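Everything below concerns the one structure shown next.
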Amino acid sequence: TTLPAVMYQWTNSPQEGVTMPQHGAKSREFFERAQRVIPYGVNSNFRYSGDDDTLVVADARDGYVYDFDGKRYIDYRLGYGPVILGHTDPFVNGRVKEAIDHGLSFAATQRYEVKVAERIVDMCPGVEMVRLSNTGSECTMHAIRLARGHTGRDIVLKFEGCYHGAHDYVLWSTASGNIDKVGERHHPRAYKQSIGIPEVMRDLIQLCPWNDVEVLGEILQERGEEIAAIIVEPMLGNGAGLMPQPGYLEFLRQQCDQYGIVLIFDEVKTGFRMAPGGAGEYFGVLPDISTFAKAMGNGYPIAAFGGKKEVMMSIRPGKVFQGGTYTGNVVSTAAADATLEYIQSGKAFEQLNKVGGILMAGIGEILNRYSVPHFINGVPAMFGITFTDTQPRDWRDLFKADWDLYEAITNHMIEKGVMPEPDGFEPYFLCVDHTQEDAAETLQAFEDGLKLALGKN
């Protein structure tokens with residue numbers, strides 16, 4: 001059966017059209033309580049899926065989460081990627097418990113933040129110095145400020161479909177942007193993702209389609225000398241796991257060198273998840289600055305940005321400012337120290353590649369058996385699925401995929417206790433605690449959902 005591509009029109013409203021598991025009585029009661037004191041009952045717009053469907057969690061262990069009615073889900077959301085070793089990992093939590101008995105915040109350099117910086121330098125090719133922060137948004141904000149301070153320029157180039165955090169510099173033409181309002185490919189227009197962003201910020205951003213050497217070359221010929229930084233997700237973490245075409249990252253590196261532009265790899269999602277040394281290790285292309293977060297703390301709030309010493313040393317009093325009351329706090333740095341130590345041991349990727357590889361191969365085999373055109377993008381620890389006849393190249397191509405089919409399959413999986421993110425632009429995330437038995441259960445739920453969607457039951 002060859003399925004026609006159905007265009008799924010994403011909007012700027014929080015998760016509109018995305019369905020999550022129906023609440024049981026206790027979970028519904030809890031969410032109503034949350035809505036009385038928190039707008040929409042959530043502390044991030046990404047988490048809202050409607051009054052009846054928004055996920056609530058009462059407990060988590062290993063590769064699973066549990067709602068207030070005790071229902072267990074195999075968790076492939078993992079907090080949108082931070083949990084790489086598993087929920088409530090005893091090795092990480094043990095390090096934190098040991099550390100916090102000696103204080104939390106000092107306004108002074110402490111042992112764990114130095115150890116974390118040393119580990120990042122050891123693990124990530126091209127990273128010579130590191131500054132810590134608390135969130136991915138903070139890190140991309142500081143990285144952009146650093147690039148502007150280092151170059152003396154103001155313009156930042158970003159790619160359509162890439163999400164680089166919630167600050168005004170970059171909240172333009174992200175994955176949930178309106179495809180009808182971004183202009184032609186050769187003349188892209190920045191789509192403002194939120195009201196409240198001053199219109200004058202538009203003058204500081206240049207948009208470009210992802211994976212398009214021709215359009216990027218044209219933009220840089222015209223504006224290359226004005227651009228302070230090119231910021232890019234080496235793999236689209238909010239774009240179904242799309243990978244760069246061969247030679248694309250090398251082209252970015254060459255063009256940045258030619259025009260004196262700072263190349264920033266936003267590795268908030270891919271860092272320590274795509275490979276122990278992130279995308280720099282995986283692709284062999286080294287940026288000037290990299291930003292990390294999510295997986296480096298196994299769920300604890302910590303982030304980092306680092307890069308060439310020449311660039312990083314522009315952070316100094318009287319030049320580029322970076323700071324934060326909780327940056328380098330003991331809780332988060334102790335968690336990151338343990339998480340990165342485990343990843344450095346090699347054990348994490350042995351398991352991630354095994355179980356993630358089973359899932360990628362198994363999903364592909366099922367879809368081939370039912371003659372459903374598809375592409376599976378990404379790496380075993382983080383991959384996406386698109387139902388299309390041709391390999392999507394960029395964010396614009398993703399709108400040609402059959403997202404109705406994807407959502408139908410995913411809704412069935414969630415009903416059966418297997419939870420990928422229903423928004424197919426978001427990839428599956430794997431953790432070390434996912435097992436081959438989890439993979440088998442997942443593949444059965446996937447096939448059952450596919451058969452139901454195709455009317456094969």
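The values are calculated or read from the model by the stated rules, or taken from the named source; none is laboratory data. What you see is a predicted model, and the numbers here were worked out from it, not measured in a lab. Positions of Cβ are backbone-derived with ideal geometry, glycine not excepted, and every protein chain shown enters the neighbour counts. Surface areas here come from the heavy atoms of the whole protein model, side chains and all, with no ligands, DNA or RNA. Shrake-Rupley method; radii C 1.70, N 1.55, O 1.52, S 1.80 Å.
Restricting to region 126-143, count the residues that are in a loop (DSSP other than H, G, I, E, B) and under 20 Å from Y282 (Cβ atoms). Before you say what the answer is, go through the steps one by one.
Taking region 126-143 first, the residues in a loop (DSSP other than H, G, I, E, B) are 126-128, 134-135.
Imposing the further condition that a residue be under 20 Å from Y282 (Cβ atoms) reduces the set to 126-128.
Total meeting the criteria: 3.
Check Y169 against each of (1) open to solvent by less than 40 Å² (accessible area, probe 1.4 Å); (2) in contact with a helix residue (DSSP H, G or I) (Cβ under 6 Å, 6 or more places away or on another chain) and name the one condition it does not meet.
Every condition holds for Y169 apart from (1).
Just the residues that are open to solvent by less than 30 Å² (accessible area, probe 1.4 Å) and on the phi < 0 side of the Ramachandran plot, please, taken from region 408-418.
Just the residues of region 408-418 that are open to solvent by less than 30 Å² (accessible area, probe 1.4 Å), to begin with: 409-410, 412-414, 417-418.
Scanning region 408-418 gives I409, T410, H412, M413, I414, V418.
Of the residues that sit in region 280-306 and are more than 16 Å from E138 (Cα to Cα) and either touching a strand residue (DSSP E or B) at 6+ places or on another chain (Cβ under 6 Å) or of a type in the set (D, E) (or both), which one is surrounded by the most Cβ atoms within 10 Å (Cβ to Cβ)?
P287
Among the residues of region 236-288 satisfying the criterion of being charged (D, E, K, R) and part of a helix (DSSP H, G or I), which is farthest from H374 (Cα to Cα)?
If we take residues in region 236-288 being charged (D, E, K, R) and part of a helix (DSSP H, G or I), then D257 is farthest from H374 (Cα to Cα).
Suppose we keep only residues that are under 18 Å from G79 (Cα atoms) and over 18 Å from the mean Cα position of the chain (by Cα) within region 34-49. Which one would you say is modelled with the lowest pLDDT?
Of everything passing the filter in region 34-49, S49 is modelled with the lowest pLDDT.
Being open to solvent by 60 Å² or more (accessible area, probe 1.4 Å) and assigned to a loop (DSSP other than H, G, I, E, B), is that true of even one residue in region 73-88?
Yes, because at least one residue in region 73-88 is open to solvent by 60 Å² or more (accessible area, probe 1.4 Å) and assigned to a loop (DSSP other than H, G, I, E, B).
Tell me which residues, restricted to region 186-229, are in a helix (DSSP H, G or I), within 25 Å of V311 (Cα to Cα), in contact (Cβ under 8 Å) with a residue 24 or more places away in the chain and of a type outside the set (D, E).
M201, L204, L216, G217, I219, L220, R223, G224
Could we say that Y76 is at pLDDT 95 or above and within 27 Å of M274 (Cβ to Cβ) here?
yes
With (1) at pLDDT below 95; (2) buried (at least 19 other Cβ atoms within 10 Å of the Cβ) as the list, and N329 as the residue in question, which single condition is left unmet?
With respect to (1) at pLDDT below 95; (2) buried (at least 19 other Cβ atoms within 10 Å of the Cβ), N329 is out only on (1).
Out of all the residues in region 105-124, which are surrounded by 13 or more Cβ atoms within 10 Å (Cβ to Cβ) and part of a loop (DSSP other than H, G, I, E, B)? Full working, then the answer.
Of region 105-124, the ones surrounded by 13 or more Cβ atoms within 10 Å (Cβ to Cβ) are 105, 110-121, 123-124.
Scanning region 105-124 gives S105, Q110, C124.
Output the residue which, of all residues in region 343-357 that are touching a helix residue (DSSP H, G or I) at 6+ places or on another chain (Cβ under 7 Å) and open to solvent by less than 60 Å² (accessible area, probe 1.4 Å), is nearest to I385 (Cα to Cα).
Checking each candidate, the answer is V355.
Step by step: first the residues of region 158-181, then only those that are of a type in the set (A, V, I, L, M) and free of Cβ contacts under 8 Å to residues at least 40 places away in the same chain, then the one that is nearest to Y80 (Cα to Cα). Which residue is that? Reasoning before the result, please.
Going residue by residue through region 158-181, those that are of a type in the set (A, V, I, L, M) are 166, 170-171, 175, 179.
Checking which are free of Cβ contacts under 8 Å to residues at least 40 places away in the same chain leaves us with 166, 171.
Details: A166: 15, L171: 18 Å.
That would be A166.
Restricting attention to region 289-339, which residues are assigned to a helix (DSSP H, G or I) and free of Cβ contacts under 8 Å to residues at least 24 places away in the same chain?
Taking region 289-339 first, the residues assigned to a helix (DSSP H, G or I) are 294-297, 309-312, 330-339.
Across region 289-339, the qualifying residue is only E310.
Is there any pair linking a residue in region 430-457 that is closer than 26 Å to R61 by Cβ and in a loop (DSSP other than H, G, I, E, B) to one that is among the charged types (D, E, K, R) and open to solvent by 40 Å² or more (accessible area, probe 1.4 Å), with Cβ under 7 Å and at least six apart or on different chains, and which?
Pairs that qualify, where the first residue is closer than 26 Å to R61 by Cβ and in a loop (DSSP other than H, G, I, E, B) and the partner is among the charged types (D, E, K, R) and open to solvent by 40 Å² or more (accessible area, probe 1.4 Å), are D433/D62.
Could you say which residue among S133, S176 is polar (S, T, N, Q), buried (at least 20 other Cβ atoms within 10 Å of the Cβ) and modelled with pLDDT of 95 or more?
Every option except S133 fails the conditions.
Within region 365-385, which residues are over 17 Å from the mean Cα position of the chain (by Cα) and either modelled with pLDDT under 95 or open to solvent by less than 10 Å² (accessible area, probe 1.4 Å) (or both)?
I366, L367, V372
Is there a residue in region 200-208 that is open to solvent by less than 40 Å² (accessible area, probe 1.4 Å) and touching a Gly at 6+ places or on another chain (Cβ under 9 Å)?
yes
Taking region 214-261 on its own, how many of its residues are out of contact with any Asp or Glu (no Cβ under 8 Å at 6 or more places or on another chain) and open to solvent by 10 Å² or more (accessible area, probe 1.4 Å)?
Total satisfying the criteria: 20.
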